[in-house]
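*Asks:* The structure follows.
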Amino acid sequence: MSASRNVNVVNNTGVYQGQTTTTLVYFDQNTGSMVEMYTYQPDSRNPGALIETSLKATETNMWSVDLLGLLSNNLVYIMAGIAVVIVVIAAAIVLRRKKPPPPQAPEATQTSTADTKPG
């Protein structure tokens with residue numbers, strides 16, 4: 001689970017020995033803690049390629065997940081899931097209550113008895 005946080009971004013681009021390096025650092029606004037850093041620069045040994053580095057805080061005890069925020073952000077998906085479950089349950093109930101067709105009367109068979117007299 002992830003928590004939504006307001007962050008400040010520091011974007012630093014500099015040139016060192018002819019190579020341009022860009023670093024983005026994300027700080028949580030409430031605590032001032034760094035939560036993510038992303039750096040990329042051209043690879044001097046492989047023209048056209050980039051060297052990328054990413055650091056990200058994946059867990060912390062400084063704040064908790066905002067369940068109400070997660071619910072409001074995903075409310076459409078939650079409501080759609082509930083609607084699908086209701087439709088499936090309603091369809092199952094309707095199919096179970098559907099009356100079976102009336103039984104067909106057995107076909108009448110004729111038997112003939114001949115009067116035979118012993119003789």
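*Asks:* Residues with beta-carbon under 12 Å from that of Gln19, excluding Gln19: net charge, scoring Lys, Arg +1 and Asp, Glu -1?
*Replies:* Numbers: positive: Arg45; negative: Asp43.
The answer is 0.
*Asks:* Now a separate question. Subtracting the Cα-Cα distance from 0.36 nm times the residue separation, let me have the gained length for Asp43 to Val10 in nm, one decimal.
*Replies:* Details: separation 33, 0.36 × 33 = 11.88 nm, distance 2.29 nm.
Extending this stretch completely gives an extra 9.6 nm.
*Asks:* Something else: Please list the non-local residues whose amide H lies under 5 Å from the amide H of Ser33, H modeled 1.01 Å from N, same-chain partners needing a gap of 5 or more.
*Replies:* Asp28
*Asks:* What does the stretch 7-62 give for Rg and for Dmax, in Å, if only its C-alpha atoms count?
*Replies:* Answer for the stretch 7-62, Rg first and Dmax second: 13.9, 42 Å.
*Asks:* Still on this structure: How many nm separate the modelled label positions at Thr58 and Gln19, each set 7 Å beyond the Cα in the direction of the Cβ?
*Replies:* Label-label distance for Thr58 and Gln19, simple model: 2.7 nm.
*Asks:* Provide the net charge surrounding Val35, with neighbours chosen by a C-beta distance below 9 Å and charges set as Lys +1, Arg +1, Asp -1, Glu -1.
*Replies:* Net of charged neighbours comes to 0.
Values in this text are rule-based calculations from the coordinates and carry no lab data. Owing to the predicted nature of the structure, the values given are computational and were not obtained by experimental measurement. No Cβ is skipped: glycine too gets one built from the backbone with ideal geometry, and neighbour counts run over all protein chains shown.
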